[in-house]
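The values are calculated or read from the model by the stated rules, or taken from the named source; none is laboratory data. Not measured: the values here are computed from a predicted model. Note: ideal-geometry Cβ built from the backbone for every residue, glycine included; neighbour counts use all protein chains shown. These accessible areas exclude ligands, DNA and RNA; they are computed on the full protein's heavy atoms, side chains included. Shrake-Rupley method; radii C 1.70, N 1.55, O 1.52, S 1.80 Å.
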Amino acid sequence: SGLPESIIAAACSRSGQRVLHVDSRNYYGGNWASFSFSGLLSWIKENQQKTDVNDECEDWRKLILENEEVISLNKTDKTIQHVEDFCFSNQDSAEDIEEAGALSKLPVFGASGAEGAAQESEKESAPVGSALPGAESWEPEKAAGSDPASATERNDAEITSEGGSSHSAPLGESTLELGKTEAAPSEISTQEPKKITYSQIVREGRRFNIDLVSKLLYSRGLLIDLLIKSNVSRYAEFKNATRILAFREGKIEQVPCSRADVFNSRQLTMVEKRLLMKFLTFCLEYEQHPDEYQDYESSTFAQFLRTRKLTPSLQHFILHSIAMVSETDCSTIEGLQATKKFLQCLGRYGNTPFLFPLYGQGEIPQCFCRMCAVFGGIYCLRHSVQCLVVDKESGRCKAILDHFGQRISASYFVVEDSYLSGSTCKNVCYRQISRAVLITDQTILKTDSEQQVSILMVPPVALGQPAVCMIELCSSTMTCMKDTYLVHLTCPSTETAREDLEPVVQKLFSLNTETEKETENEELEKPRVLWAVYFNMRDSSGIDRNSYDSLPSNVYVCSGPDAALGNDCAVKQAETIFQEMFPTEEFCPPPPNPEDIIYDEDELAPEDSGFSNSPETKPEPSPEESCGGGSTAVEQERNE
C-alpha cells in the first residue's frame, strides 16, 4: 500500500472499478510509511531479525489446475538492509517504560504508525490546514496575483504557515504577498536545550511520526496538482518548509529565495544581489535564449555557472540550495530545468517552494487509500499472497492465491516490486538509498523562532561521495515531541547507510552522550543527537518492465521510493499504469458534488449497495461519512 499503488487504487475505485487492496504488512504505506517511536523500534527489530514467514496453507499448489502455472511471490521483505540504531541519551530509567496512552485507543484507518493507532489527542492541538490553497509563482518583474493557471482551481482551503498560525484563501488567491519575508532575527535564543532522556522519548513516543522515506512536496509538483484535482487534499494538512540552508566553509547559512529575501540579505553584496537576480531571471526564461547555453550543453551545470561571472558563494547557493543537483553528474540543461522548477514553485504557498504534510509523509498514501475506501474499495492488511495464477494458453494472469488458500479472480493485478521473487527479477539491477533518522535536542541553525522546517543539501564530504539531503522537522509538524527535532538524511548509496552518512552526522551534530565530557567549544554549539538509526532501502524506480522475466501483460509493477526530493516519479508511474489499464477513463477526476447527483429508484433500493453504485450516482459522503468509510475498511480488515 505504498504511494503509487494507493494512487492507482483510488483512481480505479473512483472510475467505478471494484478494488481489493491487500498488504502483507500490518500497517499502511509499505516503505512510504510513518511510525510512532515504538512502532519504529518494532520495525527495526523485524528487519534486523529477518524471520521467514511460514505458509499457513502448505498444500496450496494442489489448487492449481492443469492448464495453469504460477508465479511465486516473496514472503519476506528484502528491500531494507544494514539496519543499525544507536542511543546517545541517558538510558538509566528507560526500562519497562511504555508509550503514554498506548492502550487507550483502538487502531483507526488513516492514523500513522506501525500499529495504525489513533492520534486524536495530538491532532486536537494541530494547526488547521485541511487542503491546499492556490497561490502565486515567483516572478521577478510581475506583480502578485498574475498566475492564470490558479484561476481554474476551485477548492477553498487553509494552509499552515510558520509558527503554527494558519491562513485561509480560496484557490486562485495567494495566502501571502510575493516578496514578503521574515523579519531578520534580532534575538537568537541562547537558552540551554532541555535534557531529554531515552525514557522521555519512549513515554512520548506517540508524538513521533517517523517517515521511512524523506520527501517534500513541490508546491507546483505533480502530487500537489493531483491532491487538489482529486480533492484528496481535504484528508491532509500541510506546513510550509520555512527556510533553505547552505553549508559552506564549515558554516550553515540561510539562503535568500524570494526577490525580497535577496535584496534584504546581509550575506550578499549589492553586486552579488544584482548578479543573482539577473541569473535567476535568465533561468526562468532560458528556453528563449538558447544562444546563452548551447555551447555548454555537454558541460556540467557547475562548469556553466563558472562562465556566468558569478562569485563562488553565488555558485554554491545556486548549485546546492536552489537547483539542488550534483556538482559532477548534472548537465547544464538539467541544472537549468531544476533551477526553473524551484523558481516557479516559489511564492505559491510561502517563501520556499516546498510543503510538508503534518504527521509525516506516510499520511499521503493513507489519504488515497481513504478515497479508494470511500468509493467502495476493500482493504486487508496482514494478508499475504502466495502466488499469481497464470493461464498457459492466453498468458494472462487470472487469479491470486492468498495465504489461506483462497482463490481470488481479477482482471488486472498491480504488484509492488518487493513482492516479486528472485526468479522474476533475476535480470533486474537495483540501486540503493542510504537513510538516517536522528532525534536531536536543538535546531541546526538557531534563530528567534524554534518552529522551523529546514532543508539543507550538504556537499560531498569526500571525492566520489554523493551530496546528502538533510530535512529538519520541528514539533509543530506533529512528527516529534516538544523540545526535540527530527532530522532525515538521504543520499544514493555507495556503501552502507552508516558509512555514507555518519561523516555528515559527525560534521553537523554532536554524538557525545550525557556522561561523556565535551572538551571543545565547537561541540557545545552543535545539536546533540539523542537517538539515531541508519538503514539502506532499495530504489527500484526507473526499472524497465522488460527487465522482469515472464511477466503477464495484465500484471503491472510499482516501484518503491526513489532518492529524489519530490514525488513526481510515483505520480507519473501511477498515471501511466492507470492509463494502460483504462485508456478511456479520466485519471482521478474530482468527486461529484452531492447537490449535483441524480438518484435512480433502483439505486435507492436497499439491496443495491457496495460496488454496484457508479461514481456518477453515488452520493459524495460528508466528512463524518468519509471517516466512517475508512472505519468500515478497518473493521473488515480486523475480521479478516
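Label-to-label distance for Lys278 and Gln303 is 2.4 nm, based on points extended 7 Å past Cα in the beta-carbon direction. Close amide H pairs (under 5 Å, H built 1.01 Å from N) link Asp77 with no residue at least 5 positions away or on another chain.
To one decimal place, what Kirkwood hydrodynamic radius in Å is obtained for segment 523-595 from all pairs of distinct Cα atoms?
16.5
Its relative contact order, with pairs defined as Cα atoms under 8 Å and 6+ residues apart, puts segment 290-339 at 45 percent. Per-residue Karplus couplings for segment 336-345, computed as 6.51 cos²θ - 1.76 cosθ + 1.60 with θ equal to phi - 60°, are listed in order as 5, 5, 5, 5, 5, 4, 4, 5, 5, 7 Hz, Gly and Pro entered as x.
Note on Glu287: accessible area approximately 90 square angstrom, rounded to 10, probe 1.4 Å, nucleic acids and ligands left out. Between Tyr430 and Glu68, the distance separating the two model label sites (each 7 Å from Cα on the Cα→Cβ line) works out to 2.8 nm. Extension gain, Asn26 to Asp225, is 68.6 nm, computed as 0.36 nm per intervening residue step minus the present C-alpha separation. Over all distinct Cα-Cα pairs of segment 391-550, the Kirkwood formula returns a hydrodynamic radius of 19.3 Å.
Exceeding 27 Å between C-alpha atoms, which entries from my cross-link table qualify? They are Lys341/Lys426; Lys309/Lys446; Lys75/Lys426; Lys215/Lys446; Lys278/Lys526; Lys215/Lys340.
Lys341/Lys426; Lys309/Lys446; Lys278/Lys526
Ligands, DNA and RNA aside, Tyr296 has an accessible area near 70 Å² when probed at 1.4 Å. Each Cα pair under 8 Å and six or more residues apart adds its sequence gap; the mean of these over the residue count of segment 198-263 is a relative contact order of 13 percent.
The packing ranking of peptides 274-280, 61-67, 465-471, 362-368, highest mean first, is 362-368, 465-471, 274-280, 61-67, where packing means the average number of other beta carbon atoms within 10 angstrom of each residue. Highest mean first, the peptides 5-14, 217-226 sorted by other C-beta atoms within 10 Å per residue fall in the order 5-14, 217-226.
Run the numbers for Arg61 and Thr311: contour at 0.36 nm per residue of separation, minus the present Cα-Cα distance, in nm. Can you show the working numbers first?
Working: separation 250, 0.36 × 250 = 90.00 nm, distance 6.82 nm.
Full extension from Arg61 to Thr311 adds 83.2 nm.
When each of the peptides 417-423, 237-243 is scored by the mean number of other C-beta atoms lying within 10 Å of its residues, the order from highest to lowest reads 237-243, 417-423.
The mean sequence distance of close C-alpha pairs (under 8 Å, at least 6 residues apart), as a share of the length of segment 356-493, puts its relative contact order at 21 percent. Considering only beta bridges that DSSP places wholly inside segment 398-503, some 100 percent are antiparallel. Stretching the chain fully between Gln406 and Asn546 yields a gain of 47.4 nm (0.36 nm per residue, less the alpha carbon separation).
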